[in-house]
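Below you'll find the structure, written out as structure tokens, and then a few comments.
The values are calculated or read from the model by the stated rules, or taken from the named source; none is laboratory data. Because the structure is predicted, anything quoted here is derived from the model rather than measured. Neighbour counts run over all protein chains shown; Cβ positions are idealised from the backbone, glycine included.
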Amino acid sequence: MKISDIDLKRSWPALAGIGAIIAVLLAAFAWAAGLLGQRVTNTSFLEDTKPVFPAGYRRAHGKGMCFEGVFRSSGAIAEYSGARVFSQTETRAIGRFSIGTMNPHAADNSTSTVSMAMMLTADNGQQWRMKMNNEPFFVTRDAPGFLAMLNATAPDPATGKPVPRLMAVFLADYPEARKYMEADAVKPWATSFAGATFYAIHAYYLVAEDGRRQAMRWWMRPHAAFTAWNVKDRMQASHDALFKDVAQRLTTGPLHWDMVMQLAAPSDPVDDPSQPWPESRQQVVAGTLEVQRVFDQTDGVCRDINFDPTLIPAGMALSNDPVLATRAGIYAHSYNARLHEIGYGKATDAVGKKAAQ
Ligand code: HEM
């Protein structure tokens, strides 16, 4: 059949219909990619970081160090969860210490945020991945709130200070952020990863063999004492003070953290990461992490892992916390970008090569 054989008059409604379907599909793709409208997408969080990022590095927490160790279960959580990691005596742990700045070459005294990421792999092959910071709760109830905070706290180019009016609007929209900002203003700066407490922040469910579900949050509580920098010492601290400290400490023996699980009461908010639960809630030590060795992140073992906090073993379940879900999307995006750069040979110091002169 030739085109001239087609009866255009009879076919045009069908052709118009096909055209309309194609237009709707194109619009839907553009919307999903964030090209249409004001929707918040993964690129809203990451797009403006591209030009400042050396290839192959994480788009946040770029400066880090891998660690290796074991998690020893206490057995106390096995009645709440069938996950093997809670009954197995020892589980292999791979992790990463990092600081919260975007710049992978930042000085260790440039941020008060210190972090631990970890992947536990049980003997049945099931993995549990996590990313934790030294803050017990998130600033806002959702992820767009985090972007709103970044905008509200950005310095005005004219004055070098945030614009009070923008901050007032932000706090009116996200009143829960006030308590985070007050805590952040007086937060002591840790002199060592070893004495810092790392919080997973989001609630998860422990799921027992018989299907019972118990909401919980966990944090890693150090055996080493917490010590804080005073302002003078902090200003004078060496560029890699925190990473050198942890490596130095490990020359005399392993470092330990208890995994403390806080069990929610039925009335506690499960899906809001900005609302910590009362301290009176029952706490159970699920086990103890022993960090045995640290090594350079360019070696790859932790470099090429996405410590996605939504990857959990059977015997646990995710809450509907919207920040948790958003983080999974953002992390996959950052991971894809950096692995793409490494795979296509664009990365230099991120993989231990010298940059071309
Ligand atoms: C919406 C808010 C957040 C955004 C936009 C964000 C963004 C990012 C990005 C882009 C990365 C790099 C990921 C990679 O390439 O593997 C990252 C890493 C990290 N984030 Fe977040 N994050 C957020 C919330 C949080 C929260 C609530 C925590 C702690 C509970 C956290 C802890 C970490 C840690 C520990 C790392 C380093 C992980 C590693 O060593 O691989 N983040 N974040």
Exercise. Which residues, counting only those in the stretch 95-104, are at pLDDT 95 or above and surrounded by fewer than 19 Cβ atoms within 10 Å (Cβ to Cβ)?
Worked result: Gly100
For this session: Answer yes or no as to whether His239 is without any contact (Cβ under 8 Å) to a residue 60 or more places away in the chain and either part of a loop (DSSP other than H, G, I, E, B) or in the same structural domain as Phe97 (by TED's automatic domain parsing) (or both).
Result: no
Problem set entry | Unique match (being farther than 19 Å from Thr121 by Cβ and not acidic (Asp, Glu)) among Arg303, Arg327 | Arg327
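Going by the structure shown, is Phe71 in contact with a His (Cβ under 9 Å, 6 or more places away or on another chain) and surrounded by 19 or more Cβ atoms within 10 Å (Cβ to Cβ)?
On the way: in contact with a His (Cβ under 9 Å, 6 or more places away or on another chain): no; surrounded by 19 or more Cβ atoms within 10 Å (Cβ to Cβ): yes.
No, not satisfied.
I'm checking my understanding of the structure. Among residues of the stretch 319-357 that are among the aliphatic types (A, V, I, L, M) and in contact with a Pro (Cβ under 9 Å, 6 or more places away or on another chain), which one is farthest from the ligand (Cβ to nearest atom)?
Within the stretch 319-357, the subset among the aliphatic types (A, V, I, L, M) is 323-325, 328, 330, 332, 337, 339, 342, 347, 350-351, 355-356.
Restricting the remaining residues to those that are in contact with a Pro (Cβ under 9 Å, 6 or more places away or on another chain) gives 323-324, 328, 347, 350, 355.
Numbers: Val323: 6, Leu324: 8, Ala328: 10, Ala347: 13, Ala350: 11, Ala355: 20 Å.
Here the residue is Ala355.
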Problem set entry | helices (runs of 4 or more DSSP H) completely within the stretch 108-227 that count 2 or more residues being surrounded by 17 or more Cβ atoms within 10 Å (Cβ to Cβ) and either at pLDDT 95 or above or within 14 Å of the ligand (Cβ to nearest atom) (or both) | 143-153, 177-185
For this session: Go over the candidates Val323, Val351, Val294 one by one and state the one that is over 22 Å from Val114 (Cβ atoms) and surrounded by 18 or more Cβ atoms within 10 Å (Cβ to Cβ).
Result: Val351
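Find the residue count for the stretch 87-107, including only residues that are within 9 Å of the ligand (Cβ to nearest atom) and without any contact (Cβ under 8 Å) to a residue 60 or more places away in the chain. Give the steps one after another, and end with the answer.
Within the stretch 87-107, the subset within 9 Å of the ligand (Cβ to nearest atom) is 95-98, 100, 102.
Then keep just the ones that are without any contact (Cβ under 8 Å) to a residue 60 or more places away in the chain; that gives 98, 100, 102.
Total meeting the criteria: 3.
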Exercise. Between a first residue in the stretch 183-202 that is free of Cβ contacts under 8 Å to residues at least 40 places away in the same chain and closer than 16 Å to Met132 by Cα and a second residue that is small (Gly, Ala, Ser) and assigned to a loop (DSSP other than H, G, I, E, B), which pairs have beta carbons less than 6 Å apart while being 6 or more apart in sequence or on different chains?
Worked result: Gly195/Ala224; Gly195/Ala225
Seminar exercise, completed: By residue number, the members of the stretch 50-86 that are within 16 Å of the ligand (Cβ to nearest atom) and among the aliphatic types (A, V, I, L, M) are Val52, Ala55, Ala60, Met65
Exercise. Taking Gly211 and the conditions (1) on the phi < 0 side of the Ramachandran plot; (2) assigned by TED's automatic domain parsing to the domain that holds Asp271, which numbered condition does it fall short on, given that it satisfies the others?
Worked result: (1)
Exercise. Within the stretch 202-223, can you find the residues that are farther than 25 Å from Arg234 by Cβ and either touching a helix residue (DSSP H, G or I) at 6+ places or on another chain (Cβ under 9 Å) or among the hydrophobic types (A, V, I, L, M, F, W, C) (or both)?
Worked result: His202, Ala203, Tyr204, Leu206, Val207, Ala208, Ala215, Met216, Trp218
